[in-house]
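Below is one structure, written out as structure tokens; the observations come after it.
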Amino acid sequence: MDRNQVFNFSAGPSVLPESVLKKAQAELMNYRGSGMSVMEMSHRSALYADIFAETKARFRAALSVPDTHEILFLQGGATLQFAAIPMNLLEGGAADYAVTGNFSGKAAKEAEKYGAVRIAADTSDTGHDRIPAQHELRLSDDAKYFYYCANNTIYGTEWQYTPQAPAGVPLVADMSSDILTRYIDWDKYAVVFAGAQKNMAPAGVTAVFINTAYAGKALPITPVMLDYAAMLKGDSMHNTPPCWCIYMMGLMLKWVEAQGGIPGMEKLKKERSALLYDVLDSSSLFKGCAEKGSRSYMNVTFVTGDPELDKRFIAGAKERGIENIGGHRSVGGMRASIYNSMPVEGVKALADYMREFEKQG
Ligand SMILES: *Cc1c(COP(=O)(O)O)cnc(C)c1O
């Protein structure tokens, strides 16, 4: 099939804008007359230093990141941050974790190795179909931080509010699948992190935004590559950074800017998600998996209630070039991941197919 005949709803790694890929293609063999590909350049070269600085500056501008927070580009995926966070912030103390899905569960489990983890909320009793309300969170005054996962990629739920921790307790958030879709109230956060492959670049780089006041307290056993203070000191270049991924992220950030920045992304995410939730709300065949007040703008999860029918729906979608709408292997059903780069026409094609499928039975 031709690229333009396919709408790719993959949850990650996921679709990138065609113009971004074309730009990368045009610069692939010879970056701006250097005679070299970005893949072949020293990360210490002046040419690469510009790419790096520009990417960071675009991030800072797009999300209005204040001077209190530094931006790191690290490796090991979002998953390595599950260990880095407690190693740097716990200081042998305790932290509160909201477990609202697979990734926050994994993060809590990892943190238990390095200190005390208290479960502030756990939505597994209802299959992680919702986000707890503020009043349900069991928070402690002496916690080193309160941890949550802003968008639950697998379950299709998203925090629609910024949780309020007790005075003096900072927030830590995994925003891997909804970074660059809304502004962040930076004052409240010690660390925000996001693996790139959902919403902003190929897999291989993780953006970590850290309030520098929280660096320098790593446990003595912390590997240097996980020590935020060392990463800050080297400006993410203690060792060789994921050069190509950072370059791609820079192209993607430029694209976000051209679409109107965060306000542009907010408008688009509402438009895209409404197309699908409208179908779900008027359907007697398809059922959304997430509670209405907890619905994600990024990952729309739904089922027919009959796994065989789900399979038929997914196979029929594939025939039309609607790819990767099967749910995560742990939950089944369907999941449409509609990140920043997903064209609205792709979502329209899926919504049309859903209506047709229901009509034809
Ligand atoms: C995909 C994902 C992860 C895991 O990311 P890796 O880069 O594979 O480690 C963590 N958190 C969220 C919210 C995700 O969507």
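The values are calculated or read from the model by the stated rules, or taken from the named source; none is laboratory data. Treat the numbers as computed from the prediction; the structure is a model and nothing was measured. Note: ideal-geometry Cβ built from the backbone for every residue, glycine included; neighbour counts use all protein chains shown. In case anyone asks, the SASA skips ligands and DNA or RNA and just uses the protein heavy atoms, side chains included. Shrake-Rupley method; radii C 1.70, N 1.55, O 1.52, S 1.80 Å.
Specify the residue that is nearest to the ligand (Cβ to nearest atom); the eligible residues are those in segment 1-31 that are free of Cβ contacts under 8 Å to residues at least 40 places away in the same chain and not charged (D, E, K, R). Spell out how you get there, then give the answer.
Pass one, segment 1-31, residues free of Cβ contacts under 8 Å to residues at least 40 places away in the same chain: 2-4, 18, 21-22, 25-31.
Filter once more, so that each one left must be not charged (D, E, K, R): 4, 21, 25-26, 28-31.
Working: ASN4: 27, LEU21: 21, GLN25: 25, ALA26: 28, LEU28: 24, MET29: 29, ASN30: 31, TYR31: 26 Å.
Among them, the one singled out is LEU21.
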Q: Output yes when any residue across segment 3-10 is under 25 Å from the mean Cα position of the chain (by Cα) and part of a strand (DSSP E or B), and no when none is.
A: yes
Q: Go through segment 167-200 and give me each residue that's under 9 Å from the mean Cα position of the chain (by Cα) and of a type in the set (Phe, Trp, Tyr).
A: PHE193
Q: Out of ILE221, ILE210, report the one residue that is touching a helix residue (DSSP H, G or I) at 6+ places or on another chain (Cβ under 7 Å), modelled with pLDDT of 95 or more and over 18 Å from SER104 (Cα atoms).
A: ILE210
Q: Exactly one condition in (1) more than 16 Å from the ligand (Cβ to nearest atom); (2) open to solvent by less than 10 Å² (accessible area, probe 1.4 Å); (3) free of Cβ contacts under 8 Å to residues at least 40 places away in the same chain is not met by ILE210; state its number.
A: (3)
Q. Looking at (1) surrounded by fewer than 23 Cβ atoms within 10 Å (Cβ to Cβ); (2) over 18 Å from the mean Cα position of the chain (by Cα), which is the one condition that is false for PHE302?
A. (1)
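Restricting the search to segment 339-361, which residues are in a helix (DSSP H, G or I) and under 30 Å from MET252 (Cβ atoms)? Quick ask: steps written out before the conclusion?
Taking segment 339-361 as the starting set, the residues that turn out to be in a helix (DSSP H, G or I) are 344-360.
The answer is VAL344, GLU345, GLY346, VAL347, LYS348, ALA349, LEU350, ALA351, ASP352, TYR353, MET354.
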Q | Sole residue being touching a Pro at 6+ places or on another chain (Cβ under 7 Å) and surrounded by 19 or more Cβ atoms within 10 Å (Cβ to Cβ), chosen from LEU90, LEU137, LEU171 | A | LEU171
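Residue by residue, here is whether (1) assigned to a helix (DSSP H, G or I); (2) hydrophobic (A, V, I, L, M, F, W, C); (3) touching a strand residue (DSSP E or B) at 6+ places or on another chain (Cβ under 6 Å) holds:
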residue	(1), (2), (3)
VAL208	no, yes, yes
CYS245	yes, yes, no
LEU253	yes, yes, no
MET265	yes, yes, no
LEU268	yes, yes, no
SER273	yes, no, no
LEU276	yes, yes, yes
ASP281	yes, no, no
SER284	no, no, no
**Q.** Complete set of residues in segment 286-305 that are in a strand (DSSP E or B) and among the basic types (Lys, Arg)
**A.** LYS287, ARG295
(Q) Please verify whether GLY204 is in contact (Cβ under 8 Å) with a residue 24 or more places away in the chain and at positive phi, treating the condition exactly as stated. (A) yes
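Within segment 140-159, track down each residue that is in contact with a strand residue (DSSP E or B) (Cβ under 8 Å, 6 or more places away or on another chain) and open to solvent by 50 Å² or more (accessible area, probe 1.4 Å). It would help to see each step written out before you state the result.
If we filter segment 140-159 for residues that are in contact with a strand residue (DSSP E or B) (Cβ under 8 Å, 6 or more places away or on another chain), which is where we start, we get 140, 142-159.
Result: ASP142, LYS144.
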(Q) Quick check on my filter: what residues within segment 64-86 are more than 16 Å from the ligand (Cβ to nearest atom) and touching a Leu at 6+ places or on another chain (Cβ under 7 Å)? (A) GLU70
Q | Close pairs (7 angstrom Cβ cut-off, 6 or more residues apart or separate chains): closer than 18 Å to LYS267 by Cα in segment 334-361, open to solvent by 10 Å² or more (accessible area, probe 1.4 Å) and among the acidic types (Asp, Glu) anywhere | A | VAL344/GLU271
Q. Among (1) out of contact with any strand residue (DSSP E or B) (no Cβ under 8 Å at 6 or more places or on another chain); (2) open to solvent by less than 10 Å² (accessible area, probe 1.4 Å); (3) farther than 22 Å from TRP244 by Cβ, which single condition is VAL38 missing?
A. (3)
